[in-house]
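Asker: Can you read through this structure? Questions will come right after.
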Amino acid sequence: MLILAKAVMTIMLGFVVTVAFGYFVVKWLKREKLGQNVSKTLGERHQSKQGTPTMGGIMFIIPIVLLTIVLILMGKMHFSANLFIVLFVFVAYAILGYVDDYIIVRKRNNKGLSIFVKLFAQLVIALVFFYIYLSSGNEPVLDIHTLGIKIDMGWLYGAFLLFVLVGSSNSVNITDGLDGLAGGLSAIALFAFGIICWGSPWTQGNEDLAIFCFLTVGALVGFLVYNCYPAKVFMGDTGSLALGAVLGSVAILTNHEITLGVVAGVFIIETLSVIIQLIAIKKFHRKVFKMAPLHHHFEQLGWSEVDIVRLFWSVGLVLSMAAVGFGVWI
């Protein structure tokens, strides 16, 4: 019962603080004219979103970080190396996304940081992650509990960390194309990982990672108050890169990298749709989808934005609950 009480309280805390803080963030973003520049290739349906405040990820990032610090100081959470890693990755990717968003908004186009700068920054983040991970007594071992497989990767584990972080963060970024889509799916995925963290007794600070996940879920639900259709604010790269990186980090620290592939199934499908479309166009000079990512394909088929988000949320929920059952119970 204590575990359930902690989960409920942290979700509620994240929700209430984010909703209250979000009111001021939206006003500030509007005052600073930090609006989204919508590409004309997305069609008339999206042109009404031109100028909608972006960089709204700060709406939930700041409350999550501050509340985590407060809970640690109050003794409600225990500070561990793994919790520090998650916080570091969360903040580092948020800063990277914020800079990218800021450049895009100020230049009034969709060209932010170069790919080289983004990859270099993510490489540095992965190296810091790797250093702290090893320094805290963890081993560079890919441990797949379900299959009884343990692979000592040595220094290659650093490259593996980079791959997971880059893949996870960018898959959420790609999915962030409809009102409430990425935020809702991230909340579902992190709720699942919150349960998985509490079911991973071999993980250092597993309860504290779980509390962090539930706190993030509450904050994301609070963000959805402003982000669901019709959105009053977009999370931008500030939020999407940070959320994806946190998902990847928690999966690594709990040795549930394979489970991440199920929990983040919708994100992966969205990313694959983009890759398939690019290959089809470059190699075969034809399209597989009417438009990529996949959510835009459904839009081109005539689906409403709300129906697409509802479908994707439902699929994400089923996949996440299946992953929880498999990863914790079965």
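Asker: Sort Ile196, Ile104, Ile62 by accessible area with a 1.4 Å probe, largest first.
Answerer: Result of the area sort, largest leading: Ile62, Ile104, Ile196.
Asker: Using the Kirkwood radius built from alpha carbon pairs, what does the Stokes-Einstein equation give as D for the stretch 254-330 at 4 °C and 1.567 mPa s, in µm² per second?
Answerer: Here the translational diffusion coefficient equals 93 µm²/s.
Asker: Which of the lysines could a cross-linker span from Lys6 if the Cα-Cα distance has to be under 21 Å and same-chain partners fewer than 8 positions apart are dropped?
Answerer: Qualifying lysines at Cα under 21 Å: Lys76.
Asker: Helix 156-175 versus the longest principal axis of the chain: what angle, 0 to 90°, nearest 10, using Cα atoms?
Answerer: For helix 156-175, the angle is close to 40 degrees.
Asker: With all protein chains present, how much of the accessible area of the chain (probe radius 1.4 Å) comes from carbon and sulfur, to the nearest whole percent?
Answerer: 71 percent
Asker: Here is a further query. Can you tell me the length gained on complete extension of the stretch Val8 to Asp143, counting 0.36 nm per residue apart and subtracting the Cα distance?
Answerer: Value of the extension gain: 45.5 nm.
Asker: Counting pairs of alpha carbon atoms under 8 Å apart in space and at least six apart in sequence, what relative contact order in percent does the chain give?
Answerer: RCO, the chain: 26 percent.
Asker: Continuing with the same structure: At q = 0.10, 0.20, 0.23 Å⁻¹, what log₁₀ I(q)/I(0) does a Debye calculation on the Cα points of the stretch 1-127 give, no solvent, two decimals?
Answerer: Here the Debye-derived log intensity ratios amount to -0.45, -1.19, -1.31.
Asker: Against the longest alpha carbon principal axis of the chain, how many degrees, from 0 to 90 and to the nearest 10, is the axis of helix 305-324 turned?
Answerer: So the inclination is approximately 20 degrees.
Asker: While we're on this one: How far, in degrees from 0 to 90, does helix 265-284 lean away from the longest principal axis of the Cα atoms of the chain, to the nearest 10?
Answerer: Helix 265-284 sits at roughly 50 degrees to that axis.
Asker: Go ahead and run the numbers for FRET between Ile103 and Val70, Cβ-Cβ distance against an R0 of 25 Å, rounding to 0.05.
Answerer: According to the calculation, E is roughly 0.20.
Asker: Give me the lysines in straight-line cross-link reach of Lys282: C-alpha distance below 17 Å, same-chain residues under 8 apart excluded.
Answerer: Cα-Cα hits under 17 Å: Lys290.
Asker: Under the 0.36 nm per residue contour assumption, what length would be gained going from the current alpha-carbon distance of Val306 and Phe326 to full extension?
Answerer: Once the chain is fully extended between Val306 and Phe326, it gains 4.2 nm.
Asker: With every protein chain present, what is the per residue accessible area of the chain (1.4 Å probe, Å²)?
Answerer: Using a 1.4 Å probe on heavy atoms only, each residue of the chain averages 47 Å².
Asker: Need the list of lysines near Lys107 for cross-linking: C-alpha distance under 25 angstrom, and skip anything on the same chain fewer than eight residues off.
Answerer: Lys27, Lys30, Lys33, Lys40, Lys49, Lys118, Lys232
The values are calculated or read from the model by the stated rules, or taken from the named source; none is laboratory data. Bear in mind the structure is a predicted one, so any value in this text is a computation, not a measurement. Every residue, glycine among them, receives a Cβ derived from its backbone with ideal geometry; neighbour counts consider all protein chains shown. Heavy atoms of the whole protein, side chains included, go into the accessibility calculation; ligands, DNA and RNA do not. Shrake-Rupley method; radii C 1.70, N 1.55, O 1.52, S 1.80 Å.
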